[in-house]
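Asks: My structure is below; once you've seen it, I'll send some questions.
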Amino acid sequence: MKTHPTRAVLVALATVGIFSASACSVGTSSTGSSGGDKTITVAVVNNPDMIRMQKLTASFSKTTGIKVNYVTLPDQDLRQKVTAAAATKSGLYDVAMISPGEVQSGYASNNWILPLDDMFAKLPQSEQTSYDVNDLLPAVRDALSVGGKLYSLPFYGESNITYYRKDLFDKAGIKMPDKPTWSQIQEYAAKLHKPDAGQYGIVLKGIPQYGQLAPLMTEINSYGASWFDTSWKPQFTSPKFRQAVTDYVNLVRKYGEPGASSVGFEEGLNLMSQGKTALWIDSTVAAGGLEDPKTSKVNGKIGWVQAPTQGCDNGSHWLYAWAFSIVNGSKNADTAFQFIRWATSKDYIKLVADTDGWFNVPPGTRTSTYQAGEYQEVAPFAQVTLDAMNSATNNKPSCEPVPYKGTTSIFIPEWANIGTQFAQGLSAAVSGKQSVDAWLQSSQAYAENVMKQAGYYK
């Protein structure tokens, strides 16, 4: 394993153009703050849940007197800017929305985010009981912890499932198995692909953002392929890897949505909710919206089964979370801690339920949510979601022996750099601008160079 994460991360930052010379002269800030004002800056991803949170923050501000300035960014921009701010301890953000990948691959070990256990211990017992850390789903809590310390609080957690139109399947005489294979998915997509009628067989991501590679990455894992061998040498041109990627690209190009190279999660959700596609393989977090008649034209017509596999269950399901961390360098750490507790609390879930319905509560974080009768009533997908999350194998992402962890984000600092280049190749391949072979050969060479420079091997 690598022994110099800080150096590797700074190399990666320089490579993607978001690290500046100022990082070399910024000292380490304190790990807490009793000073500062009642205004915090929170960096979040651009999605409907965060739009909802910004609307509901008025109640938090009214109760606490804390003003929250949100910086809303696309997925990849958020990762890059937060990484740069965290690495330099610039104080640009008090709170950042990050994932287990960041927590595990250097944010915690480099002290870029603050550990939360001592902060919780200092709270009055009544506040500790009200928040109830033990109510957080164990798998998600573990993914956000390093060395037994909790570094981030989950806003929502997710895995991946297969969404399908029950009415279209019934009409075509197709029975969806509880655990389909990728080969079966291709068969079903081919039968249901009717572009002249505005109906696509499947929608899959092709956007050039490494944070949205998850469906492809889990497919690659399920084929029994690995990203690196036990010596940390990239395996992007191995037969299993090549077969998985070829099948994915062919599936998108033959039976997928037009313009797939610009389709990410939001675009896929829109196509599914508007009744434009028969199949969609993506995050469990979308299930509530697809069942909400206010946002979905196909509510009541959607079925859910486990994500496809192709001979290997390891890594076929992901375990992911968008979570809130306090960025080291914040002058308002105590205020930031108050905000992240509110944003991930039982009370916030109830606030969403009261204002926008139980369809829209943040899923995948708390046991109490899945025990709530109101949620069970409107969430027929709840058990499928829990099963998917509980079967995720972040610590054993391949059927082959591998030195890394992570199913949709390899938990090493260099992944942001390697993943960015790989995602650009995916977009080029699904648009027909580059062949799969050329893409994989380029990615192999690029990853080898990055790993050698980072000192994984000579």
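Asks: Out of everything in segment 265-307 that is part of a strand (DSSP E or B) and either not β-branched (Val, Ile, Thr) or not assigned by TED's automatic domain parsing to the domain that holds Ser431 (or both), what residue ends up being surrounded by the most Cβ atoms within 10 Å (Cβ to Cβ)? Show your work before the answer.
Replies: First, the residues of segment 265-307 that are part of a strand (DSSP E or B): 277, 279-283, 302-306.
Those still in the list that are either not β-branched (Val, Ile, Thr) or not assigned by TED's automatic domain parsing to the domain that holds Ser431 (or both) too: 279-280, 282-283, 303-304, 306.
Values: Leu279: 28, Trp280: 26, Asp282: 23, Ser283: 24, Gly303: 17, Trp304: 22, Gln306: 20.
Among those residues, the one meeting the criterion is Leu279.
Asks: Report yes if some residue within segment 308-331 is surrounded by fewer than 19 Cβ atoms within 10 Å (Cβ to Cβ) and touching an Asp or Glu at 6+ places or on another chain (Cβ under 6 Å); otherwise report no.
Replies: no
Asks: Looking only at segment 413-420, decide whether some residue is assigned by TED's automatic domain parsing to the domain that holds Val305 and over 20 Å from the mean Cα position of the chain (by Cα).
Replies: First pass over segment 413-420, keeping only residues assigned by TED's automatic domain parsing to the domain that holds Val305: 413-420.
Those left that are additionally over 20 Å from the mean Cα position of the chain (by Cα): none.
Scanning segment 413-420, I find no residue that is assigned by TED's automatic domain parsing to the domain that holds Val305 and over 20 Å from the mean Cα position of the chain (by Cα), so the answer is no.
Asks: Separate question: What is the number of the single condition among (1) surrounded by 17 or more Cβ atoms within 10 Å (Cβ to Cβ); (2) part of a helix (DSSP H, G or I) that Asn449 does not meet?
Replies: Just one mismatch for Asn449, condition (1).
Asks: Looking at Thr355, Thr367, which one is within 21 Å of the chain's Cα centre (by Cα), assigned by TED's automatic domain parsing to the domain that holds Asn134 and surrounded by fewer than 16 Cβ atoms within 10 Å (Cβ to Cβ)?
Replies: Numbers: Thr355 fails: within 21 Å of the chain's Cα centre (by Cα).
Only one candidate passes the filter, namely Thr367.
Asks: Give segment 128-148 a look and list any residue that's free of Cβ contacts under 8 Å to residues at least 60 places away in the same chain and farther than 20 Å from Ile412 by Cα, or say none.
Replies: Once the filter is applied, which keeps residues that are free of Cβ contacts under 8 Å to residues at least 60 places away in the same chain and farther than 20 Å from Ile412 by Cα, segment 128-148 yields Gln128, Thr129, Val133, Asn134, Pro138.
Asks: Condition check: in contact with a Gly (Cβ under 7 Å, 6 or more places away or on another chain), within 23 Å of Ser159 (Cα to Cα), in a loop (DSSP other than H, G, I, E, B) and at pLDDT below 95. Does Pro363 satisfy that? Write out each step before concluding.
Replies: Details: in contact with a Gly (Cβ under 7 Å, 6 or more places away or on another chain): yes; within 23 Å of Ser159 (Cα to Cα): yes; in a loop (DSSP other than H, G, I, E, B): yes; at pLDDT below 95: yes.
Answer is yes for this residue.
Asks: Out of Ala388, Ala336, which single residue is closer than 14 Å to Thr284 by Cβ, of a type in the set (Gly, Ala, Ser) and outside the structural domain of Ser226 (by TED's automatic domain parsing)? Show your work before the answer.
Replies: On the way: Ala336 fails: closer than 14 Å to Thr284 by Cβ.
When all the criteria are applied, what remains is Ala388.
Asks: For Ser435, which of the numbered conditions (1) in contact (Cβ under 8 Å) with a residue 60 or more places away in the chain; (2) farther than 30 Å from Asn299 by Cα; (3) hydroxyl-bearing (Ser, Thr, Tyr) fails to hold?
Replies: Unmet for Ser435, out of (1) in contact (Cβ under 8 Å) with a residue 60 or more places away in the chain; (2) farther than 30 Å from Asn299 by Cα; (3) hydroxyl-bearing (Ser, Thr, Tyr): (1).
Asks: Of the numbered conditions (1) part of a loop (DSSP other than H, G, I, E, B); (2) surrounded by fewer than 18 Cβ atoms within 10 Å (Cβ to Cβ), Lys350 satisfies every one except a single condition; which is it?
Replies: So Lys350 meets the others, but not (1).
The values are calculated or read from the model by the stated rules, or taken from the named source; none is laboratory data. The structure presented is a predicted model; accordingly, all values stated were derived computationally and were not measured. Every residue, glycine as well, gets a Cβ built from its backbone with ideal geometry; the counts of neighbours run over all protein chains shown.
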